[in-house]
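**Q** Submitted below is the structure of interest, expressed as structure tokens.
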Amino acid sequence: MELCTHTFKTSLFFNPSFSLTSSSSSSNSHLLRFNNTLKPFKFSSFNLSSFIQPSLYHHTSSPFTISASSSSSVELFSENDRLPAELKVSETPESNSRVRLHVEVPPIVCKDCYERVLVEFTKQAKISGFRPGKPVPESILLSYVGIKNVQKAVIESILRRTLSHAVTTVTGRALQDSVRIVTKFSEMEGTYSSHGLLRYEVIVDVAPEIKWISDDAYKNLKVVVEIDNEIDAHIASEKEFRRRYKSAGVLKVVTDRGLQVIGDVVVLDISATTIDQDESNIKSIPSAESKGFNFDTDDSEILVPGFLDSIIGISRGETKSFPIVFPETWKQENLCGVHAQFTVECKELFYRDLPELDDSIADKLIPGCTTVEEVKELLLQRFQEIEQTAREQATDNAILDHISKMVEVDIPRSLFEEQGRQLYGSSLLEMQTKIKLNEQQLATLSSPKAVNEYLEHHRENIKNLIKQNLAVGDIYRRENLQLPTEDIMKEVENSIAEFKRQQQEYDEERVKEQVQEILEGAKVLEWLKERAEIQYITR
């Protein structure tokens with residue numbers, strides 16, 4: 001039974017406050033999810049309660065209980081502390097890139113820890129007849145403090161002193177903060193009291209091995225990139241021109257006719273129910289209902305197919321009812337294929353009184369423009385830039401998705417959980433900026449149950465992101481790619497300047513790491529694209 005779980009800090013995708021601020025930042029922003037370097041385990045002074053769960057080895061209440069989680073004067077040992085004898089450590093590989101270490105602490109080490117603990121208890125004890133800090137006969141000290149308390153403190157001292165030595169066998173492979181002592185404290189007590197030695201087991205997550213389907217699988221990729229026709233610069237700029245032109249007009253109430261397809265704006269109350277021959281099974285469909293729904297007939301693509309055709313001709317104050325079947329490909333999964341009966345009431349109906357489409361309105365469409373043609377050209381230019389960025393992003397995503405399918409990785413649980421938690425944290429932060437969640441909502445959404453549900457629901461996506469990150473890092477090392485030092489330093493300076501400008505706290509070393517990771521990721525994608533055969537298709 002594992003007594004605690006530690007996670008490996010792995011991805012900078014979830015630091016929303018971090019971004020490259022130079023001219024290259026926009027093209028590299030999508031690389032925020034990259035982390036090309038797995039952080040190795042570093043062992044120094046530590047809090048033992050981080051490695052074994054205190055509730056499972058609760059000490060008897062005593063003023064002399066030495067606990068790793070207390071502020072006692074017991075020394076925190078590191079791997080530099082010399083032990084009086086070598087530990088016996090054997091290693092067993094397990095699934096999910098884990099290693100189980102079987103550790104045996106010999107009696108001489110246990111005895112040395114025992115003596116040190118007695119010294120510490122002597123310093124703290126206030127026993128009648130003995131001056132504080134002066135030697136106390138062992139039998140009297142044990143009687144005063146309690147043998148059980150001493151034994152627990154000794155075991156804890158042994159763990160704190162030997163754990164760093166035990167994990168040296170996985171130095172360079174272990175992932176940061178992934179060490180877990182999995183032996184129950186009660187089992188260690190039994191072994192120690194019976195044999196005068198200590199045995200315990202440790203689970204460590206190690207850097208996963210990346211296996212490519214072939215050594216050169218990532219070279220000369222053939223990638224098909226799907227482009228949404230909505231990002232087409234000509235289509236998008238025409239829509240934007242139409243929107244701006246309409247905004248220059250005035251809405252007027254329609255009094256003598258019903259709804260027309262082009263140019264009208266209608267306000268609707270919409271209700272919907274399922275269709276079923278058994279009336280007792282008919283249910284409302286809240287996600288398809290709306291009060292005061294403001295709809296421009298030029299935006300018909302946002303409606304379920306058949307809806308607009310069913311309300312053509314509706315007049316103010318009129319109600320219409322009609323059936324619609326949601327497509328199997330509808331974006332709301334719970335509505336796919338649903339047979340619905342809609343009831344629609346027209347609350348208001350307007351038409352736009354538009355000005356003459358001539359150069360006199362150019363400045364209203366884009367301040368500073370003198371002709372309609374200039375407006376159109378400027379909009380086209382802007383949307384061409386947007387289209388180019390979107391195409392680059394789509395290309396990068398397609399390549400990353402492609403290479404993730406070319407590798408096999410036994411992903412450590414700690415790496416999966418940390419990546420997922422950071423993803424969830426990023427989505428919560430984004431939600432908070434949009435909705436302004438209250439404390440109760442944040443507490444609910446941040447609960448272990450909510451996080452675990454997110455991890456389970458997005459399991460494959462999280463794994464794919466990890467595989468992409470690891471694959472990119474592996475390519476960078478395999479191809480011996482390099483980054484100019486001046487480029488890295490420039491981006492670091494720009495990023496730190498941005499943090500200061502926004503009066504945000506930052507860790508300079510972490511900023512350097514993040515910049516390095518982002519630029520390395522960009523370098524790999526650039527390298528891959530130069531050698532890839534890329535086909536673009538519009539959907």
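**Q** Go through (1) within 30 Å of Ala394 (Cβ to Cβ); (2) open to solvent by 80 Å² or more (accessible area, probe 1.4 Å); (3) part of a loop (DSSP other than H, G, I, E, B) for Trp330 and report which single condition fails.
**A** (2)
**Q** When region 430-486 is examined, which residues are found to be among the hydroxyl-bearing types (Ser, Thr, Tyr), over 30 Å from Ala207 (Cβ atoms) and in a loop (DSSP other than H, G, I, E, B)? Give the derivation first.
**A** So the first thing to find is which residues in region 430-486 are among the hydroxyl-bearing types (Ser, Thr, Tyr), and the list is 433, 444, 446-447, 454, 476, 485.
Going one step further and asking which of them are over 30 Å from Ala207 (Cβ atoms), we end up with 433, 444, 447.
Result: Ser447, single match.
**Q** Moving on. So, in region 87-135, how many residues would count as being under 21 Å from Ala174 (Cα atoms) and assigned to a loop (DSSP other than H, G, I, E, B)?
**A** 4
Each row is one residue, and each column tells you yes or no for (1) assigned to a strand (DSSP E or B); (2) under 30 Å from Val254 (Cβ atoms); (3) at pLDDT 95 or above; (4) hydrophobic (A, V, I, L, M, F, W, C).
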residue: Gln341; (1), (2), (3), (4): yes, yes, no, no
residue: Leu349; (1), (2), (3), (4): yes, yes, no, yes
residue: Glu356; (1), (2), (3), (4): no, yes, no, no
residue: Leu378; (1), (2), (3), (4): no, no, yes, yes
residue: Thr389; (1), (2), (3), (4): no, no, no, no
residue: Ala394; (1), (2), (3), (4): no, no, no, yes
residue: Ala398; (1), (2), (3), (4): no, no, no, yes
residue: Ile403; (1), (2), (3), (4): no, no, no, yes
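**Q** Consider region 442-471. How many of its residues are among the basic types (Lys, Arg) and either surrounded by fewer than 12 Cβ atoms within 10 Å (Cβ to Cβ) or at pLDDT 95 or above (or both)?
**A** Looking only at region 442-471, we keep the residues that are among the basic types (Lys, Arg), and these are 449, 459, 463, 467.
Of the ones still in play, those that are also either surrounded by fewer than 12 Cβ atoms within 10 Å (Cβ to Cβ) or at pLDDT 95 or above (or both) are 449.
Counting residues in region 442-471 that are among the basic types (Lys, Arg) and either surrounded by fewer than 12 Cβ atoms within 10 Å (Cβ to Cβ) or at pLDDT 95 or above (or both) gives 1.
**Q** Name the pairs whose Cβ atoms lie under 6 Å apart, with the first residue in region 395-410 and open to solvent by 10 Å² or more (accessible area, probe 1.4 Å), the second part of a helix (DSSP H, G or I), and 6 or more positions between them or separate chains?
**A** Between residues of region 395-410 that are open to solvent by 10 Å² or more (accessible area, probe 1.4 Å) and residues that are part of a helix (DSSP H, G or I), the close pairs are Val409/Lys467; Val409/Leu470.
**Q** Just checking, which of Ile155, Ile147 is surrounded by fewer than 19 Cβ atoms within 10 Å (Cβ to Cβ), within 25 Å of Met188 (Cα to Cα) and of a type in the set (A, V, I, L, M, F, W, C)?
**A** The match here is Ile147.
**Q** Looking at (1) open to solvent by 90 Å² or more (accessible area, probe 1.4 Å); (2) among the charged types (D, E, K, R); (3) at pLDDT 90 or above, which is the only condition Asp474 fails?
**A** The number of the failed condition is (1).
**Q** Okay, next question. Would you check if Leu437 is open to solvent by less than 50 Å² (accessible area, probe 1.4 Å), hydrophobic (A, V, I, L, M, F, W, C) and in contact (Cβ under 8 Å) with a residue 12 or more places away in the chain?
**A** Values: open to solvent by less than 50 Å² (accessible area, probe 1.4 Å): yes; hydrophobic (A, V, I, L, M, F, W, C): yes; in contact (Cβ under 8 Å) with a residue 12 or more places away in the chain: no.
The answer is no for Leu437.
**Q** Is it true that some residue in region 514-527 is assigned to a loop (DSSP other than H, G, I, E, B), at pLDDT 90 or above and more than 25 Å from the chain's Cα centre (by Cα)?
**A** No, there is no match, as no residue in region 514-527 is assigned to a loop (DSSP other than H, G, I, E, B), at pLDDT 90 or above and more than 25 Å from the chain's Cα centre (by Cα).
**Q** Taking the options Ala272, Ala248, Ala236, name whichever one is out of contact with any strand residue (DSSP E or B) (no Cβ under 7 Å at 6 or more places or on another chain), buried (at least 17 other Cβ atoms within 10 Å of the Cβ) and in contact (Cβ under 8 Å) with a residue 24 or more places away in the chain.
**A** Ala236
**Q** Of all residues in region 81-128 being open to solvent by 80 Å² or more (accessible area, probe 1.4 Å) and at pLDDT below 90, which is farthest from His195 (Cα to Cα)?
**A** Taking the candidates together, the pick is Ser128.
**Q** Starting from region 502-527, keep only residues that are over 18 Å from Glu486 (Cα atoms) and in contact (Cβ under 8 Å) with a residue 12 or more places away in the chain, then list their pairs with residues that are in a helix (DSSP H, G or I) and of a type in the set (Asp, Glu) whose Cβ atoms are within a distance under 9 Å, requiring at least 6 positions of separation or different chains.
**A** Taking only residues 6 or more apart or on different chains, the pairs are Gln504/Glu498; Leu525/Asp396.
**Q** OK, next. If Val261 satisfies all but one of (1) within 25 Å of Leu357 (Cα to Cα); (2) surrounded by 13 or more Cβ atoms within 10 Å (Cβ to Cβ), what's the number of the condition it fails?
**A** If we test Val261 against (1) within 25 Å of Leu357 (Cα to Cα); (2) surrounded by 13 or more Cβ atoms within 10 Å (Cβ to Cβ), just (2) comes out false.
**Q** If you don't mind, there's one more thing I want to ask. Which residue is modelled with the lowest pLDDT, if the candidates are limited to region 501-513 and must be crowded, with 16+ Cβ neighbours inside 10 Å and touching a Phe, Trp or Tyr at 6+ places or on another chain (Cβ under 9 Å)?
**A** That would be Tyr506.
**Q** Moving on. Consider Met188 against the criteria (1) open to solvent by less than 30 Å² (accessible area, probe 1.4 Å); (2) touching a residue at least 60 places away in the same chain (Cβ under 8 Å): it satisfies all of them except one. Which criterion is unmet?
**A** Going through (1) open to solvent by less than 30 Å² (accessible area, probe 1.4 Å); (2) touching a residue at least 60 places away in the same chain (Cβ under 8 Å) one by one, Met188 breaks only (2).
**Q** What do you reckon, is Leu423 open to solvent by 30 Å² or more (accessible area, probe 1.4 Å) and among the hydrophobic types (A, V, I, L, M, F, W, C)? Please lay out each step first, then the result.
**A** Values: open to solvent by 30 Å² or more (accessible area, probe 1.4 Å): no; among the hydrophobic types (A, V, I, L, M, F, W, C): yes.
It is false that Leu423 is open to solvent by 30 Å² or more (accessible area, probe 1.4 Å) and among the hydrophobic types (A, V, I, L, M, F, W, C).
**Q** Can you tell me which residue within region 285-316, out of those that are in a strand (DSSP E or B) and open to solvent by 70 Å² or more (accessible area, probe 1.4 Å), is farthest from Glu345 (Cα to Cα)?
**A** Asn294
**Q** Then there is this: Test each condition in (1) open to solvent by 80 Å² or more (accessible area, probe 1.4 Å); (2) modelled with pLDDT of 90 or more; (3) not aliphatic (A, V, I, L, M) for Tyr218 and report the one that comes out false.
**A** Evaluating Tyr218 over (1) open to solvent by 80 Å² or more (accessible area, probe 1.4 Å); (2) modelled with pLDDT of 90 or more; (3) not aliphatic (A, V, I, L, M) leaves (1) as the failure.
**Q** Of all residues in region 397-424, how many are of a type in the set (Gly, Ala, Ser) and touching a Pro at 6+ places or on another chain (Cβ under 7 Å)?
**A** Residues of region 397-424 that are of a type in the set (Gly, Ala, Ser), as a first pass: 398, 404, 414, 420.
Narrowing the set further to residues that are touching a Pro at 6+ places or on another chain (Cβ under 7 Å) leaves none.
Of the residues in region 397-424, 0 are of a type in the set (Gly, Ala, Ser) and touching a Pro at 6+ places or on another chain (Cβ under 7 Å).
The values are calculated or read from the model by the stated rules, or taken from the named source; none is laboratory data. What you see is a predicted model; the values in this text were computed from it and never measured. Here the Cβ is made from the backbone with ideal geometry for all residues, glycine too, and neighbour counts use every protein chain on show. The area values use the complete protein model at the heavy-atom level, side chains included, leaving out ligands, DNA and RNA. Shrake-Rupley method; radii C 1.70, N 1.55, O 1.52, S 1.80 Å.
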